[in-house]
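Read-outs: derived from the displayed coordinates by stated rules, not from any lab. All values reported here derive from a predicted model rather than from experimental measurement. Ideal geometry is used to build each Cβ from the backbone, glycine not excepted, and the neighbour counts take in all protein chains shown.
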Amino acid sequence: MEKFLTIKSFLVDHTRIDRGIYISRIDGDITTYDIRFIKPNTPPYLDNAGMHTIEHLFATYVRNTRFGDNIIYVGPMGCRTGFYLLVRDLNANQVIELIIDTLKFIVDFKGKIPGASEKECGNYLEHDLEKAQFYSRDLLSAVKNWKVENLHY
């Protein structure tokens, strides 16, 4: 068997991470933010339907703000504890504010989930707005006063 190098995300000490917003890595002009809804290794984890709805609402909201052109990617972590947000050319204060505003948007959202039709989504039947709002409200309570100093693991 070949020997593989350990990737950077596996070098992070997950026993020291709590719910919050962190800088995961910086690659040139792209910064990856770790938006941790659940403290690692402390179930219950995000369920698929709630996580899927957060993904749709989060991506829709951030791409429709004045920072839309700076958003590279929003997506869930396979461990079901949070999301990655990849941005270009935004400072940390802007990203913290954007994440907090996005969580508020999800908490207050009413109506049809954007992109949740058979034509638009590969798993359009698996959504749960109430769960997405519960998760977002919970994280918002932890990060509402988040500062740049808190962004490091």
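Descriptive notes on the structure:
- Residue that is nearest to the chain's Cα centre (by Cα) [pool: residues in the range 1-26 that are surrounded by 10 or more Cβ atoms within 10 Å (Cβ to Cβ) and more than 13 Å from ASN150 (Cβ to Cβ)]: SER24
- When THR65 is tested against (1) touching a Leu at 6+ places or on another chain (Cβ under 7 Å); (2) surrounded by fewer than 17 Cβ atoms within 10 Å (Cβ to Cβ); (3) touching a residue at least 40 places away in the same chain (Cβ under 8 Å), just one condition goes unmet, and that condition is (3).
- Any hit, the range 124-145, residues being assigned to a loop (DSSP other than H, G, I, E, B), touching a Lys or Arg at 6+ places or on another chain (Cβ under 8 Å), polar (S, T, N, Q) and under 23 Å from PRO40 (Cα atoms): no
- Residues considered: ILE113, ILE106, ILE54. Of these, the only one that is crowded, with 18+ Cβ neighbours inside 10 Å and in contact with a strand residue (DSSP E or B) (Cβ under 9 Å, 6 or more places away or on another chain) is ILE54.
- The residue that is farthest from TYR153 (Cα to Cα), among those in the range 16-62 that are of a type in the set (Phe, Trp, Tyr) and without any contact (Cβ under 8 Å) to a residue 60 or more places away in the chain, is TYR61.
- Whichever residue in the range 116-153 is in contact with a helix residue (DSSP H, G or I) (Cβ under 6 Å, 6 or more places away or on another chain) and polar (S, T, N, Q) and, among such residues, is surrounded by the most Cβ atoms within 10 Å (Cβ to Cβ): SER136
- Hey, ILE100 closer than 13 Å to SER136 by Cα and in a helix (DSSP H, G or I) or not: yes
- THR65 being polar (S, T, N, Q), closer than 25 Å to SER9 by Cβ and not in a strand (DSSP E or B): no
- Near pairs, Cβ below 7 angstrom, 6+ apart or cross-chain, from the range 120-131 (in contact (Cβ under 8 Å) with a residue 24 or more places away in the chain) to any residue that is assigned to a loop (DSSP other than H, G, I, E, B): CYS121/GLY115; HIS127/ILE113; HIS127/ALA116; LEU129/PHE109; LEU129/ILE113; LYS131/ASP47
- The single condition from (1) touching a Lys or Arg at 6+ places or on another chain (Cβ under 9 Å); (2) in a strand (DSSP E or B); (3) surrounded by fewer than 19 Cβ atoms within 10 Å (Cβ to Cβ) that TYR84 fails is (1).
- Residues in the range 2-46 that are of a type in the set (Phe, Trp, Tyr), more than 21 Å from GLU97 (Cα to Cα) and not in a loop (DSSP other than H, G, I, E, B): PHE10 alone.
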